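Q: Before anything else, here's the structure in question.
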Amino acid sequence: LSERLSGVFDRLTKQGALSEEDVKTALREVRVALLEADVSLPVARDFVKAVQDKATGQAVTKSVTPGQQVVKIVHDALVDTLRGEGDPGALKIDNPPAPILMVGLQGSGKTTTTAKLAKRLKERDGKRVLMASLDTNRPAAMEQLAILGNQIGVDTLPIVKGEDPVAIAKRAKTQASLGGYDVYMLDTAGRLHIDQELIAQAAAVRDVANPRETLLVVDGLTGQDAVNVATEFDAKIGVTGVVLTRMDGDGRGGAALSMRAVTGKPIRFVGLGEKMDAIETFEPDRIAGRILGMGDIVALVEKAQETIEAEQAEKMMKRMMKGQFNMNDLRMQLEQMLKMGGMEGMMSMMPGMGKMAKQVEQAGFDDSILKRQIALIQSMTKKERANPALLQASRKKRIAAGAGMEVSDLNKLLKMHRQMGDMMKKMGKMGKGGMLKQAMK
Ligand code: GDP
Ligand code: MG
C-alpha cells in the first residue's frame, strides 16, 4: 500500500496546485490501494468519499505541496475512522470481581492475550486477577494458560478433568468472589472457523458470567476474514472491543480499518509479539501511519501548519500594536483561545492579564461563550468585520438575529473588542510588543 501511495503522491507533488480533479485522481488510486490492503470495498468507498468531501475546498498550507497536503488529509481521515470513543485501554473492572470474556477463533491469540492483559492489570493497575481456561477441546490449552500464569505471577483456576466450559465459568466466578479477586478472565476455546457450536458455547458462558468486557481477539494478518469473524461474534455474543494480534508482523493493518468501520466496535489493544509485554493500547495514529506508510510527510505538514499559525499570530500582533485590531483579528484570537483551553487558560498565560482573567472568571465565561462570539462575528459582512465602526443599530439588529442572539450580546462583544484594542495599543507603546510577544509564545 505504502509503495503504491508513494507513487501517487510523488506524481501529485510535481504539480503546482491541487485542483478538484487532482484530488479525485489521487483518491481513485487511494481506493485501489486500500482494497489491496484488504480493506473491504464499501469501507474503502466510504472512506474515499469522506476524504474527498474534506479535501475539496481545503486550502493548501503554504510551503507544503498539494500532494503532501493530500497525504495529511488522508491520514487524518484514517485516524478519524479508526478512533473509537473513550480510552481504549481502560477496561471496565469496577464492582469486583469483574469478569472479562475472551473470544475468537483458534490460534488468534486468545490465550496469549489473556495472560498479557492479566499481567497489565496486575502491574499497571495493581489488580488481583484470576485466569481460567475454558478450552476443554485441547487439554494442552489449559496447561498453556497455567504455564503463562506461573510465568507472570497470576493465579489460574485449578484444572478439573471432565468439566464443561459453563461449569468452569461458574467455578471461576465463585472462586473469584471467595478469593477476593478484582478481575477474572475467561479464556474460551476457539475453532478454525466460526460454527454454531462454538457460538452457542460462548453464548452459554456469557450468560453465566455476565462479562463486563467481551474482547474479541483477531489475528491482524487475516485481513478481510477478520471482518466477517467480528460481525458474526458481535451479532451472536456481543463484543465490547477488539484486540488485534500479530501486528508485529508485516500486515498492512487494513483489517483494522474495515473492522472498525463495519462493526463500529472499538479496537482496544494491539498484540506485538509472543512475549508477555508485547501488548499496547490501540493508537489510531500509529495504525494510520502504518496503513499509509508516510509518517514523515504527515509530520512535515503538521509542522508547516504550526508555522503558519505562528506567522499569522505575529502579523496580527503587529497590527494590534498599531491599533488596527479589527473583527477578523478578534475572531482569530477567539479561535486561538478555544484551542488553548479557553479564555481562562489563555489569560492566565499572559502577564498583565491577571485582573482580566479574574473578571472573565467572575462573569462565568466559558467556551460556549467563545463560540457564540465567533458566531456573531461570522454573522457580520466582510466590510463590517474590517471596520466595526460601521455597526449602527440596524446592522446590529441584523447581525444579532443572524447569529440567533440579542443585540445586547453583540454590544458586549463590541465592548470587549474596544477594551482589548485599547489595551493592545497601550502595550504596544509600552514595550514595543516585547512583553506581549513573549506571552504569546
Ligand atoms: P488461541 O488459540 O487463540 O488461544 O491462540 P494462542 O494464544 O495460543 O496463540 C497462538 C500463537 O500465536 C502462539 O504461538 C502465540 O505465541 C502467538 N501469538 C499470539 N499473539 C501474538 C502476537 O501478537 N504476535 C505474534 N508474533 N505472535 C502471537
Ligand atoms: Mg487458547
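The values are calculated or read from the model by the stated rules, or taken from the named source; none is laboratory data. These figures come from a predicted structure and were not determined experimentally. Every residue, glycine among them, receives a Cβ derived from its backbone with ideal geometry; neighbour counts consider all protein chains shown.
Q: Output yes when any residue across region 164-180 is outside any helix (DSSP H, G or I), more than 30 Å from Gly254 (Cβ to Cβ) and at pLDDT 95 or above, and no when none is.
A: Step one: list which residues in region 164-180 are outside any helix (DSSP H, G or I), which gives 164, 179-180.
From the residues that got through so far, the ones that are more than 30 Å from Gly254 (Cβ to Cβ) too are 164, 179-180.
Among the residues that remain, those that are also at pLDDT 95 or above are: 179-180.
Yes, region 164-180 contains a residue that is outside any helix (DSSP H, G or I), more than 30 Å from Gly254 (Cβ to Cβ) and at pLDDT 95 or above.
Q: Of (1) free of Cβ contacts under 8 Å to residues at least 60 places away in the same chain; (2) of a type in the set (Lys, Arg); (3) within 16 Å of ligand 1 (Cβ to nearest atom), Lys170 satisfies all except one. Which?
A: Every listed condition holds for Lys170 apart from (3).
Q: So, one more: Need at least 1 residues that are at pLDDT below 75 per element, so show me which helices (runs of 4 or more DSSP H) inside region 333-435 make the cut, counting only ones lying wholly within it.
A: 342-349, 354-362, 367-378, 407-431
Q: Residues that are out of contact with any Ser or Thr (no Cβ under 8 Å at 6 or more places or on another chain), within 16 Å of ligand 1 (Cβ to nearest atom) and at pLDDT 90 or above: does region 188-199 have at least one?
A: Taking every residue of region 188-199 in turn, at least one turns out to be out of contact with any Ser or Thr (no Cβ under 8 Å at 6 or more places or on another chain), within 16 Å of ligand 1 (Cβ to nearest atom) and at pLDDT 90 or above.
Q: Having 2 or more residues that are on the phi < 0 side of the Ramachandran plot, β-branched (Val, Ile, Thr) and not assigned by TED's automatic domain parsing to the domain that holds Thr81 is the bar; report the strands (runs of 3 or more DSSP E) wholly within region 182-264 that clear it.
A: 213-219, 241-245
Q: Evaluate the following for Gly86: is it modelled with pLDDT of 90 or more and at positive phi?
A: Working: modelled with pLDDT of 90 or more: no; at positive phi: yes.
It is false that Gly86 is modelled with pLDDT of 90 or more and at positive phi.
Q: Does Glu143 satisfy the criteria of being among the acidic types (Asp, Glu) and either outside the structural domain of Ala235 (by TED's automatic domain parsing) or within 16 Å of ligand 1 (Cβ to nearest atom) (or both)?
A: yes
Q: Quick one: in region 138-157, of everything that is modelled with pLDDT under 95 and out of contact with any helix residue (DSSP H, G or I) (no Cβ under 7 Å at 6 or more places or on another chain), which residue is surrounded by the most Cβ atoms within 10 Å (Cβ to Cβ)?
A: Met142
Q: Can you name every residue in region 265-291 that is within 17 Å of the chain's Cα centre (by Cα), of a type in the set (A, V, I, L, M) and assigned by TED's automatic domain parsing to the domain that holds Thr188? So that I can check it myself, show each step before the final result.
A: Filtering region 265-291 for residues within 17 Å of the chain's Cα centre (by Cα) gives 265-270, 280-291.
If we keep only those that are of a type in the set (A, V, I, L, M) as well, we get 267, 270, 287-288, 291.
Of everything in region 265-291, those that are within 17 Å of the chain's Cα centre (by Cα), of a type in the set (A, V, I, L, M) and assigned by TED's automatic domain parsing to the domain that holds Thr188 turn out to be Ile267, Val270.
Q: Can you pull out the residues in region 119-131 that are touching a Ser or Thr at 6+ places or on another chain (Cβ under 9 Å) and either assigned to a helix (DSSP H, G or I) or more than 13 Å from ligand 1 (Cβ to nearest atom) (or both)?
A: Leu130
Q: If you scan region 89-110, which residues turn out to be crowded, with 23+ Cβ neighbours inside 10 Å and either at pLDDT below 90 or among the polar types (S, T, N, Q) (or both)?
A: Ser108
Q: On the basis of being under 20 Å from Leu105 (Cβ atoms), away from ligand 2 (no atom under 16 Å from the Cβ) and at pLDDT 95 or above, does Glu213 make the cut?
A: yes
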